[in-house]
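Notes follow once the structure below has been shown.
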Amino acid sequence: MTKAGERFALGLVLLAALATVLPFLYMLATALTGQWEAFRYPPALIRGRAHFENFPAALTALPFDRFFLNSAIVATCVVVGQLFTSAMAAYAFARLRFPGRDRLFLGFLSVLLVPALVLLVPRFLIVNALGWVDTYAGLISTELVSVWGIFLLRQFFRTIPRELEDAARLDGAGEWTIFRRVVLPLSKPALATLAVLSFVDQWKSFLWPLVIARSTEMQVVEVGLANLHGLYYANWPYQMAAAVTATVPLLLLYLVAQRYFIRGIQMTGVT
Amino acid sequence: MTALPRWRAGALLAAAGSALLTLALARWAARRYEAAFARRSAATTAAYLALVTPPAPVGADYSLPQLFIQTRSLNALPGWTPRVEVYHGTAPLLEAGAPPLTPGVLDRLRGQAGASWRRGVALAPLFDRDRWDVVGAVAIRPVGIAPGWLGGWTLPALALLAAAALGALRTLGGEWEAVRRALMAYGAAGVLFGAAAYVNVQQAARASTDQWLADARLLMQEASARLPQGRPTLVDLAPLAGGAQVAPGDSATTRPTRQQVGGVPSAVVEVRLSSRRWVELRTAPAEAGALPWLALLLPLALIGPLAAWGAVWAEREAARPQRLRETAAAWGFLAPATLHLAIFSFAPILLAVYVSLHRWSLVEQERPFVGLANFDQLVRDPAVWIALRNTALYTLTVPVTMVLALGAALALGRRTWTARLARTAVFLPYASSVVAVALVWQWMYHADFGAINWVLSLVGVGPVDWLGSPNTALVALMIVSLWVQAGYQMTVFLAGLQAIPRDYLDAARVDGAGAWRRLRTITLPLLKPVTLFVFVTGIISAFQVFTYVYVLTGGGPGHATDVVAYRLYQAAWAFLQFGSASALSLLLFVVLFGATWGQLRLLERRVQYD
């Protein structure tokens with residue numbers, strides 16, 4: 001590209017970046033605006049003092065502390081469960097030889113043929129039959145295995161040199177020991193990647209918690225935020241204050257673990 | 001080869017156990033239908049006796065001699081099959097020598113609605129004429145509903161199964177081709193056996209409905225003949241009908257038949273009350289709900305063949321203990337994920353198919369089989385077509401976003417700090433709360449006070465009622481989606497671009513190819529797998545968009561933003577039509593199959609086996 005063209009492209013992209021950031025700034029500014037000042041036109045951001053009291057008021061309008069706790073519990077359990085099941089299954093697929101392995105792996109992958117939405121109703125009926133509606137078990141149980149996770153970890157495990165395991169095997173280590181002592185410690189980056197991705201996915205999930213959690217005490221942040229939207233329809237500063245609070249944990253995680261985040265997304269698409 | 005007999009003995013044991021368990025389950029299921037018949041029949045009989053027995057001289061109780069006569073004549077009724085006994089208080093009426101009921105039983109009957117079932121006898125409470133107190137009980141011992149252990153086709157099927165199993169076990173350790181054939185035969189015999197057992201269950205289910213209809217018909221006709229004041233009204237007969245419907249009917253066959261009533265399969269019998277008066281008794285046929293038994297019986301019947309297959313394999317592998325150990329370890333590692341996928345991914349698909357063929361609501365007890373009625377309703381529902389159209393339009397965001405994302409990836413692939421900062425920024429929306437994003441956009445879209453209309457007013461456009469007008473609402477949602485997805489797609493494209501060897505581009509540059517030409521002839525072709533992946537996964541997720549619609553528009557205005565996912569949510573959780581929602585799920589499955597198949601093929605290409 002020519003120098004000028006390059007500069008033009010970069011300028012365009014910076015403009016796009018600005019466009020992605022502006023709504024966030026608008027969210028924050030509205031969150032700090034007085035309830036009636038938000039309805040001034042043309043919209044002027046923060047006139048006079050910043051109304052920090054919007055935050056405690058919005059967050060107690062519905063029990064958001066409980067929502068955050070629920071989201072954290074559910075997301076953490078799902079992450080731990082997915083790491084556990086995915087790593088074990090991936091180890092079997094990547095390292096052990098047994099009849100029908102490749103066909104079974106394809107069978108696992110074939111789950112991806114079924115869009116999540118197709119599973120929504122029957123999964124709900126199963127969870128309902130188990131009596132798990134409106135419980136943590138209902139929110140967590142269906143998410144404990146991720147075929148993507150198995151796929152990614154299998155790809156990663158295959159890159160670990162076999163010599164390390166063979167040495168352990170000569171020392172008489174069993175498969176479980178090799179898995180725990182050799183493969184898992186070497187896979188920390190991959191595990192961290194999967195953990196970050198599945199945590200964020202879980203935190204953002206909306207439809208499943210919407211149908212499973214019935215009582216206020218069992219709601220997660222995303223659904224709680226939507227409920228606040230319904231209750232305080234015209235109070236934009238409250239809604240924005242809650243929205244900011246709901247976004248902060250994810251943005252913090254993104255900024256801290258950006259490397260894993262990006263790598264995870266790139267692994268799903270490319271590797 | 002000392003291991004040989006052990007594997008063989010295990011397989012033999014599994015074969016016997018599998019056959020026995022299948023028989024036992026089938027018998028148990030049939031007995032359940034028998035019990036259901038008896039309970040229903042007992043309640044109907046009690047209602048009949050309450051209707052026809054004259055009162056005692058004082059109080060609301062029945063005349064004891066009359067109760068005795070009515071009960072005796074019941075057992076003598078032509079065409080009546082079950083054995084009836086009536087307890088007045090706790091004392092048996094017909095067989096005076098039989099043991100009386102314990103007082104506790106009567107108390108329990110008072111407390112519960114309907115009849116109880118114990119030791120092959122159903123007991124229903126007999127209420128007094130005021131329907132206030134329980135004055136006794138009606139006991140029904142059913143006859144001829146459940147086939148015996150080896151009734152129907154099970155005996156020949158069992159003989160076949162045994163022959164196939166012994167044949168398979170005899171060939172064990174022999175030539176592989178012979179073993180394979182014997183195992184196949186055993187498996188086929190297992191399927192046949194499971195099916196035969198299921199046929200018994202199905203017949204018991206059918207018989208339980210038919211027998212009850214026939215008996216209820218007899219009792220209704222008998223009641224209308226005996227009632228002193230002449231014709232019983234439909235209200236009088238309602239208690240006899242239990243949960244069934246009574247409708248005006250006409251003379252027809254007097255045997256129970258299966259008919260479609262309002263699109264729902266029903267079991268129907270015509271009842272003659274007098275020479276001119278016929279009513280029709282309708283109920284849900286029990287056999288329509290018997291299919292789940294097949295899902296239990298078949299796997300049980302196949303345990304034997306699977307065990308034999310395992311024995312064959314184990315014998316072949318016994319010479320290589322390392323391989324045997326590795327297989328066992330692998331299945332240990334795979335157990336949690338496999339079990340979970342079976343319960344929460346594969347079973348739900350079968351369940352969705354099953355539910356879609358039924359009228360299925362969480363609040364109604366009856367879940368009748370309706371065939372393809374749910375699908376028929378879907379394709380006739382204009383709202384479904386609108387939702388499909390909107391969803392298809394919505395997926396247009398995918399190619400648009402891809403072009404922007406690819407452009408951003410090309411421009412931001414460098415290692416300068418501005419590029420990094422811009423990358424971080426563009427990715428932010430994807431890494432933040434979905435509902436929060438939806439809310440801020442809703443605020444920006446606000447028709448009167450929104451920031452977007454203000455910006456537009458500066459250039460003299462608007463105001464536009466973004467979410468309130470059917471013309472713009474869907475576009476408004478698509479813009480939000482684009483804003484969120486661009487960062488994600490850019491990230492994937494960046495990885496794809498990095499994987500392109502620099503040498504190719506440098507060589508092209510040396511050859512004098514311009515930027516545009518390099519992009520078209522080198523970058524894009526090499527990026528094709530990544531592009532396909534982004535496209536396919538983008539389509540799959542766009543087809544399932546829900547949160548933005550739920551938060552921003554609720555499908556409105558009108559149906560302007562109604563999408564498939566929202567329709568499905570409404571069908572299931574607003575209208576409680578889970579059958580219809582399942583049918584819609586399967587429709588979505590079919591529509592998206594091309595995309596998901598593409599995704600699977602792309603992944604498969606990345607998988608190497610050794």
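For this structure, a couple of remarks:
- Filter result for A:Leu228 (without any contact (Cβ under 8 Å) to a residue 40 or more places away in the chain and part of a helix (DSSP H, G or I)): no
- Among the residues of segment B:550-595, those that are at the interface with chain A (Cβ under 9 Å from one of its Cβ atoms) and either of a type in the set (Ser, Thr, Tyr) or over 18 Å from B:Asn374 (Cα atoms) (or both) comprise B:Tyr550, B:Val551, B:Tyr569, B:Ser582, B:Ser585, B:Leu592, B:Phe593, B:Ala595.
- Criterion violated by B:Leu334 - all others in (1) at the interface with chain A (Cβ under 9 Å from one of its Cβ atoms); (2) touching a residue at least 60 places away in the same chain (Cβ under 8 Å) satisfied: (2)
- Residues in segment B:168-181 that are without any contact (Cβ under 8 Å) to a residue 24 or more places away in the chain and within 14 Å of B:Ala15 (Cα to Cα): B:Arg170 alone.
- Within the option set A:Ala92, A:Ala17, A:Ala72, being under 30 Å from A:Leu184 (Cβ atoms), of a type outside the set (Ser, Thr, Tyr) and at the interface with chain B (Cβ under 7 Å from one of its Cβ atoms) holds for one residue only, A:Ala92.
- All positions within segment B:161-177 that are loosely packed, with under 14 Cβ neighbours inside 10 Å and over 24 Å from B:Leu20 (Cα atoms): B:Gly174, B:Glu175, B:Trp176, B:Glu177
Conditions (1) in contact (Cβ under 8 Å) with a residue 12 or more places away in the chain; (2) small (Gly, Ala, Ser); (3) within 27 Å of B:Arg129 (Cα to Cα), marked per residue:
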{"site": "B:Arg8", "(1), (2), (3)": "yes, no, no"}
{"site": "B:Leu12", "(1), (2), (3)": "yes, no, no"}
{"site": "B:Leu21", "(1), (2), (3)": "yes, no, no"}
{"site": "B:Arg31", "(1), (2), (3)": "yes, no, no"}
{"site": "B:Ala42", "(1), (2), (3)": "yes, yes, yes"}
{"site": "B:Ala46", "(1), (2), (3)": "yes, yes, yes"}
{"site": "B:Thr53", "(1), (2), (3)": "yes, no, yes"}
{"site": "B:Tyr62", "(1), (2), (3)": "yes, no, yes"}
{"site": "B:Ile69", "(1), (2), (3)": "no, no, yes"}
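- Test result for A:Gly131, buried (at least 21 other Cβ atoms within 10 Å of the Cβ), of a type outside the set (A, V, I, L, M, F, W, C) and more than 9 Å from chain B (Cβ to nearest Cβ): no
- Complete set of residues in segment B:427-476 that are in a helix (DSSP H, G or I), in contact with a Pro (Cβ under 6 Å, 6 or more places away or on another chain) and surrounded by fewer than 22 Cβ atoms within 10 Å (Cβ to Cβ): B:Ala451, B:Trp454
- With respect to the conditions (1) assigned to a helix (DSSP H, G or I); (2) under 30 Å from B:Ser356 (Cα atoms), B:Ala223 lacks only one, and its number is (2).
- Odd one out for A:Thr30, checked against (1) touching a residue at least 40 places away in the same chain (Cβ under 8 Å); (2) over 30 Å from A:Ser198 (Cα atoms); (3) more than 8 Å from chain B (Cβ to nearest Cβ); (4) part of a helix (DSSP H, G or I): (3)
- Some residue of segment B:87-103 being within 26 Å of B:Ala205 (Cα to Cα) and surrounded by fewer than 19 Cβ atoms within 10 Å (Cβ to Cβ): no
- Residues in segment A:192-230 that are surrounded by fewer than 19 Cβ atoms within 10 Å (Cβ to Cβ) and either within 16 Å of B:Thr547 (Cα to Cα) or away from every other protein chain (no Cβ under 13 Å) (or both): A:Ala192, A:Asp201, A:Ser215, A:Thr216, A:Glu217, A:Asn227, A:Gly230.
- Within segment A:112-130, the set of residues being assigned to a helix (DSSP H, G or I), under 20 Å from the mean Cα position of the chain (by Cα) and either more than 13 Å from B:Ile343 (Cα to Cα) or among the aromatic types (Phe, Trp, Tyr) (or both) comprises A:Leu112, A:Ala116, A:Leu117, A:Leu120.
- If you filter segment A:231-250 down to residues that are buried (at least 17 other Cβ atoms within 10 Å of the Cβ) and of a type in the set (A, V, I, L, M, F, W, C), you find that the one that is farthest from the other protein chains (Cβ to nearest Cβ) is A:Ala241.
- Considering each residue of segment B:212-223 in turn, none proves to be surrounded by fewer than 21 Cβ atoms within 10 Å (Cβ to Cβ), modelled with pLDDT under 80, over 30 Å from B:Trp293 (Cβ atoms) and not small (Gly, Ala, Ser).
The values are calculated or read from the model by the stated rules, or taken from the named source; none is laboratory data. Computed from a predicted structure; not experimentally measured. Neighbour counts run over all protein chains shown; Cβ positions are idealised from the backbone, glycine included.
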